[in-house]
Amino acid sequence: MFGKILIANRGEIALRILRACRQLGVPAVVAYSEADIDTLAVQQAEEAICIGPADAKRSYLSAAAIISAAIVTGCDAIHPGYGFLSEDDAFAEMVRAHGLTFIGPSAEVLERFASKATTRHLLAEHGLPTIPGSGLIRDDAHALEEAERIGYPVLVKPSAGGGGKGMRMVRSPRELEQALTICRSEARAAFGDDSLYLEKWLEENRHVEVQVVVDRYGNAVHLGERDCSVQRRHQKLIEEAPTPALGPESRRHLCESAVQAVVAAGYENVGTLEFLVDTEGNYYFIEINCRIQVEHPVTEMLTGIDMVAEQIRIAAGEPLGYTQADVDPRGHAIEFRITAEDVGHDFRPQAGTIEEFQAPGGPGVRLDSHIYRGYEVPPYYDSLLGKLVVHGPDRATAIARARTALAELRIEGLETTVAFHRAILSHPVFLEGGFTTNLLDRVGPAAFVAAARD
Amino acid sequence: MGAEERVTQPPTDPAPARSADPEKAVSLAVEAPDPADALAVSVTPGSRPGAAEAIRRLADDLLPALVARLDASGLGELEVRTDAWRIRLRKPYERRGPGSAAASPGSGLHRAAGTVPGSAARGARPATAAERHAHAESTHPGTTPAADGVQPGAGDDPLATPGGSSDAAPGGPASTVSAAASAGSAGGSHAAGPAAGPHGAGSAAGAHAAGSPPGSHGGGSAAGAHAAGSTPGSHPAAPVASATPAVATSPAVGYFVPREGWTSGRRAQSGDVIGYVDCLGIRQEVVAPVDGFIGRLLAQSGEAVEYGQPLVQLDLPGRAPDDGPADTGAPARADAGQASTAPSGAGPAAAASAPASEGA
């Protein structure tokens, strides 16, 4: 095990990692930007180090600042959390070059899975069905040709992307030509890489992802799937498991084929394979996330496995120590992402003071959050305030617990998505488990909330 | 309102998952003659051409009315749309930023003290803070009691809210009190405690400004260089930095190396390189934020230091070293802790010498 771990992230995930370190008995140092001095992880840490100004480029995205912080505080490993540098193979390589361990897949593995197009190709070779799509687009003519072959509507996607940036759905060659220019410039701005590819657009689909855990020695398990179909503009709002979209047999088949393929392709550490599931229950692999995910608590609630601790153990070279037969997911869990966003104004991110904060409680209720009364939500970063996760023996119980918990949860001082989540919980489509990824965007969040109140 | 404006780039969106809209915002830091009135404005342009002209016009025509309305409303933020513009006016981000910017090194290090190699000198820092605290008490009689009064409430008290407490209303001494108070409560929740708090209130702006320039900004003054962090080129301002504490801070995380020959008593001009921080083998320059004389080393040679950590004290000509922070306590508040407004930590200096690059 590691001697000391540097936590190179912020917000709720920094606190989550700190907790995992404590439970493992490993000392930890929280690296923070000047804007995050008041964050809970910094307050609670035995040791914390300021790595730069609020601007993430000079703090949480600065490989040099983070590695230097690890060195001067005597750490031998760095946990990158999610976002920021968590899937950056160059960073992972640099960490290793300084004699430290990157907690996550090795640089080689990150590099192998860095391009979505390549990854899709690789995992298709190992037996995963993929959405009909193109390779990397060479030029406009190539794009038009490929789109014709796949059949409209198609989705234009950046190869290096994530978080829905630089993506456009087009229904005609004319729209495609326009979208190519926009997507290239968006992708270049967001990821420094403007390579694009095309994908068949599934009009109605669900987003289902499979959690895998693979140690360095090729031992692997899946921890079931999560359904993340409640999205707005490709941003997940609610995640749950098991997915209401598939029966037990299909789910087992999906998860087993995912873990087999990913092991065969040489993956290591925790990871998530994302699939789209169409209305007939066919699933298509779309991408892999080589990091701990925001929604990992859903799986933790079901399996009882501390995934951040697993991640750390595996990076430290420990063998998995259990098999698929030992993984016993129970019940149903739902996570609500509580963000500081003004739903009434197009989910505009908010900054300001938490004037009132009251956390919910009771059986099967978990809140992962870094906020407290008096905390100032800084304007520079992700607007995630916390994650409310509920668990129950079945979906109906989980929903009932979610209602109670969302009623108890009070965050005042700025606009949050708490009320929006309450509205979703009273919407028949959600209650029936019928959410598809485009529902909110098609209906519009405001209309959706209004409908839910009726 | 005779405000000067600076157009700054928005803080870049660091979080990949974040929605895209705010990226397009252009921030305006508007500084009133009394820095305590500083307000942050973000403007989203509908079109690029003539943006500067439009901003200038909006600032002259619309801002004063908006400011008045925001002030009267008790709200934290206002937004209006006119033509293709969206003007959002937010009260100073009254986080413990000002306090914490300065307090952060102190408190962070305090925690780090036992564990970091070469931490011997770390004990010195809280002591410095304590000295300042004492000083602040003597010079800001109106301020410190407020801070103390608030402190027990610490994290539980929603006092730092912009507009949330009557003290926090922008303008005048009341603001100073509240800034100090929130700094105090920030300090209270950290290891450094009371020492860090009021110290923060007194000296945040300077420490913050001085802390920001990475080595590459070595030539700039504290104020100017900080602004450069977010505003390349648009803020030629203020080699002034007459504001506040004459302390050169660390531009990076790494090991401190004083510059050879630049020992106590030597005269240093603003912008002079007086030391280095070795960050992964690359020397980042520690820069004198003001003209003065090299004073006490606040970190030892070879010591592990964090970003923003006070490293070298600069004694100001004709002043006792500790006089600096005292009479410029109020401007600290303008530091408001935001990237867009953080440069306004440099603001007081800028405002004082009216160097604004754009408009008025």
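The values are calculated or read from the model by the stated rules, or taken from the named source; none is laboratory data. Here the structure is a predicted model, which means the values were calculated and not measured. Cβ atoms come from the backbone with ideal geometry, glycine included; neighbour counts cover every protein chain shown. Surface accessibility is based on the protein's heavy atoms, side chains included, excluding ligands, DNA and RNA. Shrake-Rupley method; radii C 1.70, N 1.55, O 1.52, S 1.80 Å.
Considering only lysines 8 or more places apart in sequence, or on different chains, count the pairs in chain A whose C-alpha atoms sit under 15 Å apart. Mind dumping the intermediate values first?
Working: A:Lys116/A:Lys157; A:Lys116/A:Lys165; A:Lys116/A:Lys200; A:Lys157/A:Lys165; A:Lys157/A:Lys200; A:Lys165/A:Lys236; A:Lys236/A:Lys387.
Value for chain A: 7.
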> Just how large is the dipole of chain A about the Cα centre, in debye to the nearest 20, putting +1 at every Lys and Arg Cβ and -1 at every Asp and Glu Cβ?
Replying inline: 320 debye
> With point charges of +1 on the Cβ of Lys and Arg and -1 on the Cβ of Asp and Glu, referenced to the Cα centre of chain A, which listed residue (A:Gly392, A:Pro349, A:Ala97) lies farthest in the positive direction of the dipole?
Replying inline: A:Gly392
> For the stretch A:205-453, what's the relative contact order in percent, using C-alpha pairs closer than 8 Å and at least 6 residues apart?
Replying inline: 21 percent
>> Explain nothing, just compute: Karplus ³J(HN,Hα) = 6.51 cos²θ - 1.76 cosθ + 1.60, θ = phi - 60°, for every residue of the stretch A:360-365 in order, whole Hz, x for Gly and Pro.
In response: x, x, x, x, x, 10
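What's the local net charge at A:Phe336, with K and R +1, D and E -1, over the other residues with C-beta under 14 Å away?
Numbers: positive: A:Arg226, A:Arg232, A:Lys236, A:Arg337, A:Arg366, A:Lys387, A:Arg401, A:Arg403, A:Arg422; negative: A:Glu12, A:Asp227, A:Glu239, A:Glu240, A:Glu295, A:Glu335, A:Glu341, A:Asp368, A:Glu408.
Residues close to A:Phe336 contribute a combined charge of 0.
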> Over what distance in Å are the Cα centres of the stretch A:22-84 and the stretch A:373-448 separated?
Replying inline: 29 Å
> Tell me, what is the percent relative contact order of chain A, built from C-alpha pairs under 8 Å that lie six or more residues apart?
Replying inline: 14 percent
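Is any helix in chain A, taking whole DSSP H runs, at least 18 angstrom long along its axis by alpha carbon and on average at least 0.0 on the Kyte-Doolittle scale, and which ones? Display every interim value, and only then the final one.
On the way: long enough: A:11-24 (20 Å, 0.40); A:173-191 (26 Å, -0.32); A:248-264 (24 Å, -0.09); A:395-408 (20 Å, 0.05).
Membrane-span-like by this rule: A:11-24, A:395-408.
Ordering A:Ile411, A:Ile71 by accessible area with a probe of 1.4 Å, largest first, what comes out? The partial results should precede the final answer.
Details: A:Ile411 20, A:Ile71 60 Å².
Accessible-area ranking of A:Ile411, A:Ile71, largest first: A:Ile71, A:Ile411.
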>> Can you tell me how the stretch A:205-453 classifies by the Cα gyration tensor, rounded, prolate or oblate, using a/c under 1.5 as the rounded cut?
In response: prolate
> In square angstrom, rounded to the nearest 10, how much accessible surface does A:Ile288 have for a 1.4 Å probe?
Replying inline: 10 Å²
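Quick check: with the 1.4 Å probe, what order do A:Leu431, A:Leu276, A:Leu24 take by accessible area, largest first? Working shown, then result.
Details: A:Leu431 70, A:Leu276 25, A:Leu24 45 Å².
I get A:Leu431, A:Leu24, A:Leu276, largest accessible area first.
What number, rounded to the nearest 500 deg cm²/dmol, is the helix-based mean residue ellipticity at 222 nm of chain A, given -39500 (n - 2.57) per DSSP H run of at least four residues and division by all its residues?
One gets -10000 deg cm²/dmol as the mean residue ellipticity at 222 nm.
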>> Please list, ordered by chain and number, the residues whose modelled amide H lies under 5 Å from the amide H of B:Asp278; skip anything fewer than 5 residues away on the same chain.
In response: B:Tyr255, B:Phe256, B:Val257, B:Gln284
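Could you compute the net charge surrounding A:Gly133? Neighbours are other residues with a C-beta less than 12 Å from the C-beta of A:Gly133; K and R count +1, D and E count -1.
Working: positive: A:Lys116, A:Arg120, A:Arg149, A:Lys157, A:Lys200; negative: A:Glu146, A:Glu199, A:Glu287.
Once positives and negatives cancel, what remains is +2.
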> Once the other residues with Cβ under 12 Å from the Cβ of A:Arg442 are scored (Lys, Arg +1; Asp, Glu -1), what is the net sum?
Replying inline: -1
> To the nearest 10 square angstrom, what accessible area does A:Arg330 show with a 1.4 Å probe?
Replying inline: 150 Å²
>> List the residues, sorted by chain then number, that are 5 or more residues from A:Leu196 or on another chain and whose placed amide H is less than 5 Å from its amide H.
In response: A:Ile137, A:Ser159
> Among A:Ile67, A:Val30, A:Ser134, whose Cα lies farthest out toward the positive end of the dipole of chain A, if unit charges sit on the beta carbon of Lys, Arg (+1) and Asp, Glu (-1)?
Replying inline: A:Val30
> Does chain A come out rounded, prolate or oblate by the C-alpha gyration tensor, with a ≥ b ≥ c the root eigenvalues, rounded set by a/c under 1.5 and, if not, prolate when a/b is larger than b/c and oblate if not?
Replying inline: rounded
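Roughly how crowded by other chains is peptide A:343-350, in terms of the mean Cβ count from those chains within 10 Å of each of its Cβ atoms?
For peptide A:343-350, the averaged partner shielding equals 2.
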